[in-house]
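A short reminder: the numbers here are calculations on the coordinates, not readings from a lab. The structure displayed is predicted, hence computed values, not measured ones. Cβ coordinates were reconstructed from backbone atoms using ideal geometry, including for glycine residues, and neighbour counts include every protein chain displayed.
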Amino acid sequence: MCGIAGFNWDDKKLINSMLDSLSKRGPDESGFYIDRGISMGTRRLSVIDLSKKGKQPISNEDGTKWIAYNGEIYNFKELRDELQKKGHKFTSGTDTEVIIHSYEEYGKRCVEKFNGMFAFAVWDTKKKELFIARDRLGVKPLFYFMDGKKFAFASEIKAILKYHKNPSIDEKSIYFYLNYGYTPNNKTVFTKIFKLPAGCTLTFKNSEFKIEKYWKIDFSRKEDGSEDYFIKKIREHMEESVKIRLIADVPVGAFLSGGLDSSAIVAYISKHKDNLKTFSVGFEHDKFDESKYAKIVSEKFGTEHHQMQFTHENVIKLLPKLVDYYDEPFGDPSMMPTYLVSTVARKHVTVSLSGDGGDESFLGYDRYKQYRLINLQNHAPFLSKIANPFIKSLSKITNHNLIKKTGKYLEFNRLNGYEQYSELRSAFGSDERKNLFLKNHDFSPYFKEFFIFKNYLDNISNADINTYLPDDILTKLDRSTMMVSLEGRVPFLDYKFMEFSAKIPARLKLKGMETKYILKKSLIGILPREIIYRKKQGFSFPLDLYIKNELKDLVKNNLSEKSKLHEYVDKGHIEKLLRLHYNNEKNYANGLWAIFILKLWLDMYLKKYN
């Protein structure tokens, strides 16, 4: 695992400065390559072939092609054997060298051969061409900068800002963030800096670049079969995807929250590895503390379990550090416990497996139930006459999030699928946005391209996999682990497993109102039933309680003082939302948190760049 950076001119001082900014991603080594028209380099975290032979950048036999690479290719040994039969010669045992020879043999289509997580750049000295690729699901990040003839790329924005020292803010990305908690998958918060989307390649030559999509998940080809058939196939994929992610020349452990997905990963690791170390975070509010479930799983599989206690003091201490490291405003509050569990893990291992991705593949979020209720009303509009009064009256006497949201969502039945998705995923309703935002944007067209399949749940899953997964979940995992030089691996996001899960009928993923139905069935006899069928909590912390109590003054004072924040949101309406939230009239925890984080980020931005 590494950090990479480069640009289309030669400047030794600049490339070293960019690489230094990525030192946490790669504390073991630093290396660069400079040629006419290119400077690129790597900060290395040694995981496979720890010798100096693995130092990057690495070239092919005659030095005509060079690579800077971040990630892991899990099938590199099979590809190496294939390439050796074709006459390629290797000097190291790294997967990095397999990539450069694969590019030499197969050209740009080499990416179709790789099973792994990666972001890499290959410089062809003969063609004077730069080829950049990002893995199918976007586990590893890649940013690029373009201004006139100047082109640069890096694993993190902070490296690009070593050159682009006076960045301007992209206003539309700010409003996108305020709606969804992250910036779009092809943009960033800065106007001239962009993300290379997941499953894409970028070719740069003669001051021009071209982006091409090489992989998309396909929900259109469903497989027929009994429940037993799908259970068998899920187990086979789980077995293989976990097994290949244990390949390393350093210690490997696992995150264990006590939830279904992380517990499943630990169960399958235990088939192949003894003395497994597992890691979790406990919370000071019992309602949100999953540590007892993590203990049950740890004891069943005999893991050496390590846990850190999360308190509100952690929030106050960590926020400035995390807001700075993420480079962009990031509104998912679980970035804090994810960072803390990563710090615990890094004391014992260099690689940790994570359960991320299971919710998107197997319809695990409660919001999928909400979409099901909306879809029922779409097909039987008369239900609204019965359902609306019932739901609205129920929402007044309960704090159950699903009930409250459903009352709002039943009014959306006239919207298209992607418009409904845009509304439901937003932290604020349409009326609130009109009063809160100084400029209003309709972001629903951003999601339209993902609503192309017959089944509405497949479309929602497709949208989550292409937006929320890479830009929220995987961003959080990458930054949290890389901040402490820990490599995070994600078995549920094995692309072959993902392609198979897309072939499973949605009715077997969400059966009635039971989420992850077929995945849960596949884990019977593997995990304790109290783990499989307990209520989902999610890897977060009690945000609502913290905003109303321990963090009340911190949040309120920041949102009340005059700042650049009020160039985007109305100060008076923020105060109204705070009042409604504190009086328990409405729950604005996520929206207020997103605004609060933006305030902290803008303060930091002004201090750094103005």
For Cα extents along the principal axes in Å, with candidates [x] 74, 59, 45; [y] 95, 56, 52; [z] 158, 68, 42, the value calculated from the shown model is option [x]
By the mean-Cβ-within-10 Å protection proxy, highest first, 39-46, 424-431 rank as 39-46, 424-431
Note, Ala345: beta-carbon cut-off 11 Å, +1 each Lys/Arg, -1 each Asp/Glu, net +2
With a Förster distance of 25 angstrom and the Cβ-Cβ distance between Asp35 and Phe90, calculated FRET efficiency to the nearest 0.05 equals 0.65
In the range 542-610, taking the dipole from +1 charges on Lys and Arg beta carbons and -1 charges on Asp and Glu beta carbons about the Cα centre, the listed residue (Tyr588, Pro542, Asn557) farthest towards the positive end is Asn557
Non-local residues with an amide H under 5 Å from the amide H of Leu551, with H modelled 1.01 Å from N and Pro and chain starts lacking one, are none
Taking alpha-carbon centroids only, the range 32-90 lies from the range 297-368 a number of Å equal to 31
Between Glu78 and Tyr214, Cβ-based FRET efficiency (R0 22 Å, step 0.05) works out to 0.65
Beyond 26 Å (Cα-Cα) in this structure, taken from Lys24/Lys271; Lys321/Lys552; Lys108/Lys149; Lys243/Lys277; Lys187/Lys599, we find Lys24/Lys271
In deg cm²/dmol, rounded to the nearest 500, the helical mean residue ellipticity at 222 nm of the chain, built from -39500 (n - 2.57) for every DSSP H run of length 4 or more, is -12000 deg cm²/dmol
Expected sort for 94-100, 475-481, 567-573 on mean C-beta neighbours within 10 Å, highest first, is 94-100, 475-481, 567-573
For the range 487-498, in residue order, the Karplus 3J(HN,Hα) values (coefficients 6.51, -1.76, 1.60; θ = phi - 60°; whole Hz; Gly and Pro = x) are 8, x, 10, 10, x, 4, 9, 4, 5, 5, 5, 4
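How long are the three semi-axes of the equivalent ellipsoid of the range 542-610, in whole Å, if each is the root of 5 times an eigenvalue of the C-alpha gyration tensor, listed from largest down?
So the equivalent ellipsoid measures 22, 13, 9 Å along its semi-axes.
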Ranked on Cβ counts within 10 Å of their own Cβ, fewest leading, Asp224, Asp81 go Asp224, Asp81
From the Cα centre of the range 551-592 to that of the range 435-497, the distance in Å is 27
Subtracting the Cα-Cα distance of Asp570 and Met604 from 0.36 nm times their residue separation yields 10.2 nm
Taking every other residue with Cβ under 15 Å from the Cβ of Asp224 and scoring Lys and Arg +1, Asp and Glu -1, one gets +3
Protection proxy (average C-beta count within 10 Å per residue), highest first, orders 203-213, 593-603 as 593-603, 203-213
With x for Gly and Pro, the residue-by-residue ³J(HN,Hα) of the range 105-110, computed from phi through the Karplus equation 6.51 cos²θ - 1.76 cosθ + 1.60 at θ = phi - 60° and given in whole Hz, is 8, 10, x, 5, 6, 4
Along the range 237-253, Karplus-curve 3J(HN,Hα) (6.51, -1.76, 1.60; θ = phi - 60°) to the nearest Hz, with x for Gly and Pro, reads 5, 4, 4, 6, 5, 6, 4, 6, 8, 9, 5, 5, 9, 9, x, 10, x
Filtered hits (aspartates and glutamates, Cα-Cα < 14 Å from Lys55, offset >= 8 within chain) -> Asp28, Glu29, Asp95, Glu97
In Å, the Kirkwood hydrodynamic radius from C-alpha pairs for the range 2-213 sits at 17.3
For the chain, the longest principal axis of the Cα atoms and the Cα long axis of helix 335-346 enclose an angle in degrees, to the nearest 10, of 40
